[in-house]
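Report on one structure; see the data block that follows.
The values are calculated or read from the model by the stated rules, or taken from the named source; none is laboratory data. These numbers were taken from a predicted model, which means no experiment stands behind them. Quick reminder, even Gly has a Cβ in these numbers, built from the backbone with ideal geometry, and neighbours come from all protein chains shown. These area figures cover heavy atoms from the full protein model, side chains too; ligands, DNA and RNA do not enter into them. Shrake-Rupley method; radii C 1.70, N 1.55, O 1.52, S 1.80 Å.
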Amino acid sequence: MDYFFVLMLAGMSAAMVAGGLAFSFLIAPHRPGAIKNSPYECGEPPIGQAWVQFNVGYYLFGLLFLVFDVEAAFLYPWAVAFHGLGFMAFLEMGIFLLVLILGLAYAWKKGALEWV
Amino acid sequence: MIASASYTVIFYLLAALAVLLSLAVVNAWKLLRAAIALMGVLSMSAGLYVMLDASFLAGVQVLVYVGGIVVLIVFAVMLTRSAELLQDNPAPLRKILGAIASLAFLAATVGVFRSSPFLLSAEKAPLRDNTTLIGEKLLDYGAGGYVLPFEIISLLLLIAIIGGIVVARKTEPQGQPFTTGGDEAGEAEFRPPFTQEEHEDELELVEK
C-alpha cells in the first residue's frame, strides 16, 4: 500500500516536532521573567491585544488564494490523464485557465492585489 | 491491499482521532487552536477517503479544505469585532435550543444510517487509478464526457473572484487603509507586562 509511506512520514514528522519540544523542555533552564514571557522579547514593547480586527484585504487575498487553490486541484486529474488525451485536452485546459486569468486580471485592475 | 485487521484498526484510529479533534474544535477557547484542530479533523477525513480508495478526493480535501477553507474561516472571524466573541456567554434559552438542534441532527443522522441499504459497488476495487479516470471524464468532449461542466466550473470560480472583490471592496472604510489599532477604545487601559524600571533592572541582570 503506497499510503503506508504517507502514514510513516506523518508519524516521523510528528515525532520529530514532539521530540524537539520535549528535549528542549527537558534540558533548557527554566527562569521565566516578565520580559522573557512577553511576545516580542527583543523589540518593541507590545501594545494592545493580539486579536485585533483584521483588514479586509487579508480576506480578499485569502479568497483569491482559495480560487486558485481549487483551480490547482483541477489541474491534477488533467495532468495525470494528459498522455492518453489529445491536443483537445490541452485546448480545454487552456480555456479553463484563460477564464480564471480574466478573474486575476479583474482583481489586478480593481487593485485587489495592491497591498493596502 | 492491506490486511483486513489492520484496515479495521486504522479506520477506528482515524475515526476516534476525528471525534476527539472535533471535540477540541468545539471546546477550544482560542480561535487558532480551534482552527488547528479543525485542520486535524479534515485531515482525518482525508485519511478515511484514502481508505475508500478515493485518492483524488483525499488530495482535494487536503489541498482545498485543510490548506484553504480553514485559513479563510480564520480570516473571516478575525475580520469581525472579536471582543464580543471572547466574552460570549450564551443565554440558557440559546443553550437549550442548541441542544435540541444537535439532538435533532443526531437523530436525522442515525435515521439515515439505519434506513440506508449501503449497497456495495459491483466491482470489488476501482478499475484503475481514479484520478486518471476523473481526468479523462472531465476532458472528454464526446458523448458521456463532462467538458461543458468542467468549463462552467471555471466560470463559477470567475464569478467567485468578482463577487468577492465587489463585496469586500465596498465594506472598506475610505481614507483609512490600514487598521493598526491604537485608537480603539479600551486599548488606552492596556498595561505592558512589565514597567520600564523592571525592563532596565532585567537588562542590568543580563549585563552581569
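Projecting label points 7 angstrom from Cα along Cα→Cβ for residue B:91 and residue A:101 puts them 5.6 nm apart.
Taking the protein heavy atoms of chain A in the context of the full set of protein chains, the accessible area attributed to carbon and sulfur is 74 percent at 1.4 Å.
Across every pair of non-identical alpha carbons in region A:10-116, the mean reciprocal distance, once inverted, gives a Kirkwood radius of 19.5 Å.
With 0.36 nm allotted per residue and the present C-alpha distance subtracted, the residue B:169-residue B:16 stretch has 50.8 nm of extension available. Per residue of B:133-146, other chain Cβ atoms within 10 Å of the residue Cβ number 5 on average.
Label point of residue B:5 set 7 angstrom out along Cα-Cβ; within region A:1-27, no amide nitrogen lies under 14 Å from it. When the chymotrypsin sites (Phe, Trp or Tyr not before Pro) in region A:17-81 are filtered for DSSP coil states and for at most 10 other beta-carbon atoms within 10 Å of their beta-carbon, the remaining sites are A:40. When the surface is traced with a 1.4 Å probe over the full set of protein chains, residue B:118 keeps roughly 130 Å² accessible.
Computing Rg and the Kirkwood Rh from the Cα coordinates of region B:1-86 gives a ratio, Rg/Rh, of 1.08.
Here the 3J(HN,Hα) profile of region A:24-29, calculated from phi with Karplus coefficients 6.51, -1.76 and 1.60 at θ = phi - 60°, is 5, 5, 6, 9, 6, x Hz, Gly and Pro shown as x. Among the trypsin sites (Lys or Arg not before Pro) in region A:22-116, those located in a DSSP loop and surrounded by at most 12 other Cβ atoms within 10 Å of their own Cβ are A:36.
Averaged over its residues, chain A has an accessible area of 70 Å² per residue, based on protein heavy atoms and a 1.4 Å probe. Which of the residues in region A:100-116 show a loss of at least 50 Å² in accessible area from their chain by itself to the complete set of protein chains, at a probe of 1.4 Å? Residues meeting the cut-off: A:106, A:116.
Taking 0.36 nm per residue of sequence separation and removing the Cα-Cα distance, the residue B:146/residue B:114 pair yields an extension gain of 8.1 nm.
For the chain pair A and B, the interface hides roughly 5500 square angstrom of accessible area in total, found with a 1.4 Å probe.
A crude spin-label estimate for the pair residue A:83 and residue B:28, with each label 7 Å from Cα along the Cβ direction, gives 4.2 nm.
In this rough spin-label picture, where each label sits 7 Å from Cα along the Cβ direction, the residue A:91-residue A:40 distance is 5.7 nm.
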